[in-house]
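Engineer: Here it is, the structure, as structure tokens.
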Amino acid sequence: MQVKQLIILIVISLFSGVNMAQRDIPDNLPKFDNKKLHFGFQLGMSSNGFALDHDLTQSDSLIKLETGTQPGLVIHVVSELHFGPYFGIRFTPGIAFAARDLNYEYYSTEFNTPVVKTIESTFIEAPLFLKYRSKRVNNFAQYVMVGFNYGFDLASQQFTDNNIDEQGERLVKLKQSNYNLEVGVGFDFFLEYFKFSPELKFSYGLNNVIVKEATQFALPINDLRSRIFVVALNFEG
């Protein structure tokens, strides 16, 4: 999903929530905020890419190196500890499936260019957020959050031998551990039986995940960090 589409989704959700808040309707889940701890689950779609710093002179005949995005899936458990009506600590452990592309273009006849290296990952994640929520108006509220996410990549080949793959090429290996800073916004809709919260998050990697090796694909990369957009739906009881 492109950034423009994500912005449009936020605007639509915001105006829908404002219209809902202005209606004179009875409050759903009136005792929801009296609970200290809430649980639920989260389903999301992600757009996964990289922030890249490279040096083309490190590889013979390489004339272009770019990143490409791939869609992914996020499945998390939601738990939230409230400190009054506005602040809370949110912990959402779970699993995320992702893939990212590295696009290489050469002028040499050694490769059939362009060469696309798709790197698949399966992350066990442990995001922890500080959340601030606005005052509830009827059955609507808004929130922002900032936090840290540690991800362990089960599909990482960091410690495997860099053998030739099916296309006769070397692997691009990423580190197992990913450390990400995350920020997000969301909207709480208090329905009759549960709270429904669409949410948008941006995640930026704090650590360089490339495994530096003397191969034609890894050598030109100085720094490689995760860059992820997530559109998620939260369901809390």
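The values are calculated or read from the model by the stated rules, or taken from the named source; none is laboratory data. Since we're looking at a predicted model, the values are computed, not measured. Every residue, glycine as well, gets a Cβ built from its backbone with ideal geometry; the counts of neighbours run over all protein chains shown.
Engineer: Within region 53-77, how many residues are touching a Lys or Arg at 6+ places or on another chain (Cβ under 8 Å), surrounded by 15 or more Cβ atoms within 10 Å (Cβ to Cβ) and of a type in the set (A, V, I, L, M, F, W, C)?
Structural biologist: Here the count works out to 0.
Each row is one residue, and each column tells you yes or no for (1) under 30 Å from residue 186 (Cα atoms); (2) of a type outside the set (Gly, Ala, Ser); (3) more than 13 Å from the chain's Cα centre (by Cα).
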{"position": "94", "(1), (2), (3)": "yes, no, no"}
{"position": "98", "(1), (2), (3)": "yes, no, no"}
{"position": "101", "(1), (2), (3)": "yes, yes, yes"}
{"position": "105", "(1), (2), (3)": "no, yes, yes"}
{"position": "113", "(1), (2), (3)": "no, yes, yes"}
{"position": "118", "(1), (2), (3)": "no, yes, yes"}
{"position": "142", "(1), (2), (3)": "yes, yes, yes"}
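Engineer: Quick one: which of 143, 193, 179 is within 30 Å of residue 62 (Cβ to Cβ) and among the aromatic types (Phe, Trp, Tyr)?
Structural biologist: Result of the check over 143, 193, 179: 179.
Engineer: OK, next. Out of region 29-59, which residues are out of contact with any Ser or Thr (no Cβ under 7 Å at 6 or more places or on another chain) and under 26 Å from residue 209 (Cβ atoms)?
Structural biologist: 43, 44, 45, 46, 51, 53, 54, 55, 56, 57, 58, 59
Engineer: Let me ask you something else. Could you please find all residues in region 117-132 being more than 18 Å from residue 50 (Cβ to Cβ) and touching a residue at least 40 places away in the same chain (Cβ under 8 Å)?
Structural biologist: Matches in region 117-132: 127, 129, 130, 131, 132.
Engineer: Go through 105, 66 for me and flag whichever is without any contact (Cβ under 8 Å) to a residue 60 or more places away in the chain, touching a Pro at 6+ places or on another chain (Cβ under 6 Å) and either outside any strand (DSSP E or B) or not aromatic (Phe, Trp, Tyr) (or both).
Structural biologist: Selected residue: 105, the only one of 105, 66 that is without any contact (Cβ under 8 Å) to a residue 60 or more places away in the chain, touching a Pro at 6+ places or on another chain (Cβ under 6 Å) and either outside any strand (DSSP E or B) or not aromatic (Phe, Trp, Tyr) (or both).
Engineer: Let me ask another. Of everything in region 147-171 that's modelled with pLDDT under 90 and aliphatic (A, V, I, L, M), which residue is farthest from residue 228 (Cα to Cα)?
Structural biologist: My answer is 164.
Engineer: Scanning region 189-223 for residues that are polar (S, T, N, Q) and closer than 24 Å to residue 73 by Cβ, which turns out farthest from the chain's Cα centre (by Cα)?
Structural biologist: 197
Engineer: Quickly run through region 18-61 and pick out the residues that are among the small types (Gly, Ala, Ser), within 28 Å of residue 227 (Cβ to Cβ) and either in a helix (DSSP H, G or I) or modelled with pLDDT of 85 or more (or both).
Structural biologist: Correct list: 40, 44, 46, 47, 49, 51.
Engineer: With the condition kept exactly as written, say whether any residue in region 204-225 is closer than 21 Å to residue 70 by Cα and touching a helix residue (DSSP H, G or I) at 6+ places or on another chain (Cβ under 9 Å).
Structural biologist: yes
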